[in-house]
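Laboratory data are not the source of any read-out in this text; all were calculated from the coordinates shown. Values in this document were obtained by computation on a predicted structure and should not be read as measured data. Note that we place each Cβ from the backbone using ideal geometry, even for glycine, and neighbour counts take in every protein chain shown.
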Amino acid sequence: MSKLYVFGIGGTGARVLKSLTMLLASGADCGVETIVPIIIDRDMSNKDLSRTKLLIEDYMIVNKIAKTNGSNRFFKTNIHLLNNELCLQLKDNTQKFDEFIGRNTMSLENKALVDMLFAKETLNLDMTEGFQGNPNIGSVVLNQFDDNDIFQEFAKDFKDGDKIFIISSIFGGTGASGFPLLRKILHTPNVKGADGKAFDNWGLVNKAPIGSISVLPYFLVGSPSDGSLVNSDTFIDKTRAALSYYKNEDKKIDTLNYIADKLTSTYEHHKGGDAQMNNAHFVELAAALAILDFVNPEKSSKNIHRDINKNIEKTTYKEFGINKDLSEFTFDNLTDETRRLIVNPLSRFLLFAKYMGYRVVSEQINGKEEFVVKKIKSNDIFEKENKHQPYSRKRFTEDFRRINSIQKLESIQAKFVEWLLEMEKQNRKFTPFNLLSSSATDFIKGDLKIIKTDNFMYKNWAMVDNELNRQIGKANKVLENDSRFIELYFKVTEELINYKN
Amino acid sequence: MDEILGKIYCWFESLFGQNLAEYLWGYSCETQVYDGKNLYNSIGLIAIGISLVFVLAYYYLPLWGFNHPRTNRWWNWIIILFIAGVTNLLIGYSWTVNDFLNGNIGDCLMYSRDSDGNIISQLIFQKDCWLFGLSNFFVSAIFFIVWSGIFKWWSRNCKHSPLF
């Protein structure tokens, strides 16, 4: 079965991959069997990247128990890492840009030319924390990523029918420079590795369908506190400059998606590293949907236009929009097509997470009211009921919750609720759910009535338990307990939540 | 076979007394043989039926309180057993007290008389009817347990109640 290689460049790349992982965990339809994520970032210590890495590692463990040969869609799509690595690490670890270009060993004339082309701050820039909004140095430094084991592994792993997708932001440093460079390398014939040998399957890579999303400004950063060179005021100019360059990508990419948001949130300003952690944003979720759209077999004729020699005849350009320009929006404000993609998966997985006790509560932190995700004992229906309900007795009791795969599943559930909460904290709030609700039936906001509540006998969580007890007989009996658990919960949430339009 | 129920009730005979037991067996003071109706069978069959109805309701009836994920604890089962038992207690009491008050119980079972026919002592009292009702409660509970053991396994929500 076919694979999709997703290159996530820079911090935005990592955050979009996080949203994609959340969509796949919740069972969103994906037109390929396996996703192979590859993150390209110079700043390996940024928190956005490490959060995505942890999430993907947990996902891969849960994915193993999700292969039930039944109807389960939670965690169904495989995520595979090349050489067990998520990040494509550049071999060169030079810290300063002037060291990278060898300024000190240059002739006086060349040194003078370099000093004219690059500002002093740029030459002294510490690149271990990324390119800090400087695509001009990104395009110099990133030119080395074909000389990499992961890249070699990527070529070796590539099969006919596989596809490529590139995620990048256009208003920073790494993404803006990395995207055209990466695209160029992918289309360069006979690329050779460090050993001088041509990469395997490179002909297939050259001709593979390739989609991308360029994320235009959707957030701002505050005043720098640590000498960072990033400045929000330049985002639009940088975008404009990059877009004019991206004109050259016409007919070199099958589908090029653009997304932006004018109603921006302002994040705390950090150069990178452990402090660089931005809240999730709906733009990242929509960008992840662009990936699913690209591999949707029903959209193939719209997304990919190739001649008989597999040359790109036309680039398809796409944008994403919501029905109304609202600062707070729910499923009601999404188009039918988007609703079809996300309403059922997100609602079903949230119901599952709520059953396991994860929800948002209000807490006083440093004298300020904050909303945080917690596992609340009184809301942990599974803990309260597993000793009593026929579906769980002697199956999902005692040490069941200590099984590694179940612990990882719960860890993702907590992160999933946190991800939804973070999207609510933006200036453009995506609030499809009432995350404070402890109810099984009234947590979806808006006009959509998709939770089955017509059973007068079984109210609230009793309705879920009744359905679990009903469906346990239908779950595949030969499955291991952890696989049976996930299959069962999918069947139940599918029965209780069913949006059709 | 038709004495099985009577024998079960006789486990509790010490509660409601031998004379009421004799009446319930169908003893006739006129003929001095057991040619009357065996009331154990009538009352017992009702007790069996009521226990069965409550058991089936608890495990299968699609109404709140029965076959429900929140009523599958052992104490919920005990409550239903208790309700079935109390229903049978009242049936057992009302049946016997009716016969007691209407004079349907033979004189030889009701009183001990001297050779002149004077009552020396009363042998059956109204409290014996209550105690028979209590016995009927216990018989009902026995059948409730038996029926539960038989029918619980196919219940969606209560199959593990009260045990196993």
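Estimated translational diffusion coefficient (Stokes-Einstein, Kirkwood radius over Cα pairs, 4 °C, 1.567 mPa s) of the stretch A:47-89: 113 µm² per second. For A:Tyr5, nonlocal amide neighbours, meaning residues 5 or more places apart or on other chains whose placed amide H falls under 5 Å from its own, are A:Val36, A:Lys163, A:Ile164, A:Phe165. Once the Cα-Cα distance is subtracted from the 0.36 nm per residue extended length, the A:Arg240 to A:Lys474 segment shows a gain of 78.6 nm. The residue among B:Trp25, B:Ser115, B:Phe132 whose Cα reaches farthest toward the positive pole of the charge dipole of chain B, with charges on the beta-carbon of Lys, Arg, Asp and Glu, is B:Phe132.
Residues whose amide H falls under 5 Å from that of A:Lys429, counting only those 5 or more places apart or on a different chain, are A:Glu328, A:Phe329, with hydrogens built in the peptide plane. When the stretch A:365-488 is described by a simple charge dipole with +1 on each Lys and Arg Cβ and -1 on each Asp and Glu Cβ, the residue from A:Asn460, A:Ile444, A:Thr397 located farthest towards its positive end is A:Thr397. Can you tell me the orientation of helix A:336-355 relative to chain A, as the angle in degrees between its alpha-carbon axis and the longest Cα principal axis, to the nearest 10? Taking the Cα atoms of chain A, the angle to A:336-355 is about 60 degrees. Of the cross-linked pairs A:Lys159/A:Lys247; A:Lys252/A:Lys310; A:Lys53/A:Lys163; A:Lys96/A:Lys238; A:Lys368/A:Lys425, those separated by over 18 Å at the C-alpha level are A:Lys159/A:Lys247; A:Lys53/A:Lys163; A:Lys96/A:Lys238. Computed from Cα positions, the angle between helix A:282-295 and the longest principal axis of chain A comes to roughly 90 degrees.
Computed from the Cβ-Cβ distance with R0 of 22 Å, the FRET efficiency linking A:Arg306 to A:Leu54 stands at 0.05. For the stretch A:197-206, 3J(HN,Hα) computed residue by residue from phi via the Karplus equation (6.51, -1.76, 1.60; θ = phi - 60°) reads 8, 5, 5, 5, 6, 5, x, 5, 4, 4 Hz, glycine and proline entered as x.
Taken along the Cα-to-beta-carbon direction at a fixed 7 Å, the label points for B:Arg113 and A:Thr397 span 6.4 nm. What you get for chain A, charging only the Cβ of Lys and Arg (+1) and of Asp and Glu (-1), is a dipole of about 1460 debye around the Cα centre.
Taking Cα centre as origin and charging only the Cβ of basic (Lys, Arg, +1) and acidic (Asp, Glu, -1) residues, the dipole magnitude of the stretch A:367-460 rounds to 240 debye.
Extension gain for the segment A:Lys377 to A:Ala119, taken as residue separation times 0.36 nm less the Cα-Cα distance, is 87.2 nm to one decimal. The residue list A:Ala198, A:Leu263, B:Ser51 was ranked by how far each Cα lies along the charge dipole of the protein assembly as shown toward its positive end, using unit charges on Cβ atoms, and A:Ala198 comes out on top.
Rounded to 0.05, the FRET efficiency of the B:Cys10 and A:Ser439 pair, given R0 = 45 Å and the Cβ-Cβ distance, is 0.25. Fully extending the segment from A:Lys156 to A:Lys324 would add 55.9 nm, taking 0.36 nm per residue of separation and subtracting the current Cα-Cα distance. The three principal axes of the Cα atoms in the stretch A:447-501 give end-to-end lengths of 39, 27, 14 Å, sorted in falling order.
Residue exposure proxy: A:Val283, A:Val36, ordered by other Cβ atoms within 10 angstrom of their Cβ from fewest to most, comes out as A:Val36, A:Val283. Once the Cβ-Cβ distance of A:Met457 and B:Phe125 is raised to the sixth power relative to R0 = 41 Å, the FRET efficiency obtained is 0.35. Hydrophobic, long helices, defined as DSSP H runs whose alpha-carbon span along the helix axis is 15 Å or greater and whose mean Kyte-Doolittle value is at least 0.5, occur in chain B at B:39-60, B:74-101, B:126-151. Sorted into 10 angstrom bins from 0, the C-alpha pair distances of chain B split as 11, 35, 26, 16, 9, 3, 1 percent. Note on the stretch A:325-423: Rg/Rh from C-alpha atoms, Kirkwood Rh, equals 1.05.
Reported value for the protein assembly as shown: 199 Å³ per residue, from the convex hull of its C-alpha atoms.
Annotation: amide H-H contacts under 5 Å for A:Ile259 (H modelled 1.01 Å from N, sequence separation of 5 or more, or interchain): A:Ser214, A:Leu216.
With the simple model of a label 7 Å out from the Cα in the direction of the Cβ, B:Gln32 to A:Thr105 spans 13.3 nm.
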